[in-house]
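Some notes on the structure that comes next.
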Amino acid sequence: MHVNTTCEKISSWHHLSPDWLNWADQLAPAAQKINRHLIDALDLPALARAADGRALVVLDLASGVGEPAFGIARMLAGEEDAALHGHVIASDIVPGMCAGLRARAQAGGIGNLSVVAADMEKLPFGAGAVDAVSCRFGVMFCADPDRALGEARRVLRPGGRAAFMVWGAMADNPLFGAMEDVLDRVLGTGFDACGHDICALADPGLARARLERAGFAGVDITTHRPVGRIPETAAFWVPQLEMLFGHVMRSATPGQIESIHSAMSDRLRPHIADGHFRVPMCFHVVSGKTPLIKFISA
Ligand SMILES: C[S@@+](CC[C@H](N)C(=O)[O-])C[C@H]1O[C@@H](n2cnc3c(N)ncnc32)[C@H](O)[C@@H]1O
């Protein structure tokens, strides 16, 4: 059976919001563990000190249905540090993601968060409007990531900070490598076919150069390589598979679905140790700041 192999970058996301909503609550605890690295890079306490009592505004780009926007909003509600207060603008280009995000924020009682549908390559905010910009696994999905980095830089106040969480190389993310091979073999699709270059910012040197070219100073990169520990009987790849390829999986036959799961299990089996999948992943947090404007008196 022929399954859509010509889906475009954004159009695939339009079909995936039900899958993101379906898995969001279950994946939230694991998401929070890795979000910490992104939030730390923003150094919100330092921004709060510089703001001298003014409420901070953090813009989260490509928020999907809430990560890391919810965690940042909770921090800015003073949950961990009473000195932190402010508001999060969560944004995504896909209306279905924004609707899901809004509903989850309401259900979670998160009051200091608003949702704005926005293309991160053309942000509907003025220059210097926000104190910080966060983006978790989003910028590589833009048609033009450099334009998005430039927009992030433009909307930041002088002294503001931006942090982007991006995937490392495919070879360091065996789950994605398995998905690409298995989906190509069974359905003739995959990241490439859907126009997704998930490793677009995987090279730390190039990522640094791109942030500097966008006008960021003090660019810093940290690399993280967590390894999961999941019982070998669990088909742990299902959430990622559905959130990235749910739209093509829905067009597949039951036989094809079975082949995909069996091939994923075979591909990842070499990572089993002590009865558990120990599959490594690799991501970077790339951060930078906007220079402070110095006033020189004549
Ligand atoms: C991998 S998801 C990440 C979602 C969320 N940040 C998370 O980590 O759970 C990528 C998100 O980028 C959004 N996206 C893709 N291109 C975009 C663009 N040009 N502007 C804004 N959002 C975009 C998609 O709609 C999708 O929700």
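Quick note: the coordinates plus some simple rules give every number you see, no bench work behind them. Worth saying up front: this structure is predicted, and the values here are computed from it rather than measured. Because the Cβ atoms are built from the backbone with ideal geometry, glycine has one as well, and the counts that use them run over all protein chains shown.
The GNM of the chain, with springs linking C-alpha atoms under 10 angstrom apart, assigns the highest mean-square fluctuation among GLY246, GLY255, GLY111 to GLY255.
Sequence-ordered 3J(HN,Hα) estimates for region 17-28 from the Karplus curve with 6.51, -1.76 and 1.60 and θ = phi - 60° stand at 4, x, 5, 5, 5, 4, 9, 4, 5, 5, 8, 4 Hz, glycine and proline given as x.
Going by C-beta contacts inside 10 Å, put ILE89, ILE221 in order with the fewest on the left. Could you put the intermediate results ahead of the total?
Details: ILE89 23, ILE221 18.
Ascending number of Cβ neighbours within 10 Å: ILE221, ILE89.
For the chain, set up a Gaussian network in which alpha carbons nearer than 10 Å are linked by springs, and say which option among GLY168, GLY150, GLY228 fluctuates the most. Maximum among the listed residues: GLY228.
Measuring how big the chain is from its alpha-carbon positions, Rg and Dmax come out at 19.7, 77 Å.
How far, in nm, would the chain grow between SER259 and ALA50 when pulled straight, counting 0.36 nm per residue and subtracting the alpha carbon separation?
Values: separation 209, 0.36 × 209 = 75.24 nm, distance 5.55 nm.
Here the answer is 69.7 nm.
Over the chain, with a Gaussian network built from C-alpha contacts below 10 Å, which listed residue (TRP237, TRP20, TRP167) shows the highest mean-square fluctuation? Maximum fluctuation in the GNM of the chain, among the listed residues, is at TRP237.
A straight chain from ASP203 to MET170 at 0.36 nm per residue would run longer than the Cα-Cα distance by 10.8 nm. Our note on the geometry: Cα centres of region 26-96 and region 115-129, 17 Å apart. Simple spin-label estimate for GLN26 and ALA103 gives 1.7 nm between the two label positions (7 Å along the Cα-to-Cβ direction from each Cα).
Here the scattering of region 1-112 is modelled by Debye summation over its C-alpha atoms, one equal scatterer each and no solvent; at q = 0.10, 0.24 Å⁻¹ the log10 of I(q)/I(0) is -0.34, -1.36. Site pair ASP184 and ALA82 shows an inter-label distance of 5.7 nm when each label is modelled 7 Å from Cα along Cα→Cβ.
What does DSSP give for the chain in terms of the percent of beta bridges that are antiparallel, rounded to the nearest 5?
Values: 18 of 38 bridges.
Bridges in the chain are about 45 percent antiparallel.
All other residues whose Cβ lies under 10 angstrom from that of LEU101 are scored, Lys and Arg at +1 and Asp and Glu at -1, for a net of -1.
What separates the Cα centres of region 172-220 and region 232-271 is a distance of 20 Å. If you wrap the Cα atoms of region 137-216 in a convex hull and average its projected area over all directions, you get 5.5 nm². Size of region 58-191: Rg and Dmax of its alpha carbons, in Å, are 16.5, 53. If each residue's Cβ is checked for other Cβ atoms within 10 Å, how do ASP146, ASP52 rank with the fewest at the top? Sorted ascending by nearby Cβ count, the order is ASP52, ASP146. All other residues whose Cβ lies under 9 angstrom from that of ALA263 are scored, Lys and Arg at +1 and Asp and Glu at -1, for a net of 0. Taking θ as phi - 60° and the Karplus parameters 6.51, -1.76 and 1.60, the scalar couplings of region 177-184 work out to x, 5, 4, 4, 5, 5, 5, 5 Hz in sequence order, x denoting glycine and proline.
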